[in-house]
Amino acid sequence: KNAPAKINALYNAWQTTGNAFYALTSSGQPEIQAYREKYKTPYMYGSADNKLLLSMIRSNPGLILIKDGKVIKRWCFRSLPTAEKLLSYTK
């Protein structure tokens, strides 16, 4: 599977927790809308500076799990967790 499909599946699993799930990007609204349509992404998007995103995670795309303002885990797109592994961090 490709990274967008995996992230969509992780989002769907994450919805069972009641916790937020956001995408952050430095892209503009036209690019975000085109991406959302192409990959059918159901989650919300926020805007951030590219340097900030590079500091947060050195992968595009990547996944960061944050709890109570602390980074719990980071994954690059080549090593995205399974839904079960991601959900295990909520226990």
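Please list, in order along region 17-29, the HN-Hα scalar couplings obtained from phi with the Karplus expression 6.51 cos²θ - 1.76 cosθ + 1.60 (θ = phi - 60°), rounded to whole Hz, x for Gly and Pro.
Taking θ as phi minus 60°, the curve returns 8, x, 8, 6, 9, 10, 9, 10, 8, 9, 6, x, 4 Hz for region 17-29.
Under a 1.4 Å probe, what is the accessible area of the chain per residue, stated in Å²?
With all protein chains present, the chain gives 71 Å² per residue.
Where Lys and Arg each count +1 and Asp and Glu each count -1, what net charge lies around Leu65 among other residues with Cβ under 9 Å from its Cβ?
Neighbourhood net charge equals +3.
To the nearest 10 square angstrom, what accessible area does Lys85 show with a 1.4 Å probe?
100 Å²
Let me check something: with ligands and nucleic acids excluded, how do Asp68, Asp49 order by accessible area (1.4 Å probe), largest to smallest?
On the way: Asp68 140, Asp49 95 Å².
Sorted descending by solvent-accessible area, the residues read Asp68, Asp49.
Using Cα pairs under 8 angstrom and six or more residues apart, how large is the relative contact order of the chain, in percent? Intermediate values should be presented prior to the final figure.
On the way: 87 pairs, mean separation 27.2, N = 91.
This gives 30 percent for the chain.
What number of lysine-lysine pairs in the chain show an alpha-carbon separation below 20 angstrom, given a sequence spacing of 8 or more or placement on distinct chains?
Pairs that pass both the separation and distance tests number 15.
Do the sum for the chain: with -39,500 (n - 2.57) for every DSSP H run of n ≥ 4, divided by all residues, what is the mean residue ellipticity at 222 nm, to the nearest 500 deg cm²/dmol?
Mean residue ellipticity at 222 nm (helix-derived): -11000 deg cm²/dmol.
Using a 1.4 Å probe over the heavy atoms of the protein chains, calculate the carbon and sulfur portion of the accessible area of the chain as a whole percent.
The computed percentage sits at 52.
Regarding the chain, what's the average projected area of the Cα-atom convex hull, expressed in nm²? Present the calculation step by step, with values, prior to reporting the outcome.
Numbers: hull surface 23.5 nm².
The directionally averaged projection comes out at 5.9 nm².
The values are calculated or read from the model by the stated rules, or taken from the named source; none is laboratory data. Just so it is clear, the model here is predicted, and its values are computed rather than measured. Ideal geometry is used to build each Cβ from the backbone, glycine not excepted, and the neighbour counts take in all protein chains shown. Please note that ligands, DNA and RNA were not included when accessible areas were found on the heavy atoms of the full protein model with its side chains. Shrake-Rupley method; radii C 1.70, N 1.55, O 1.52, S 1.80 Å.
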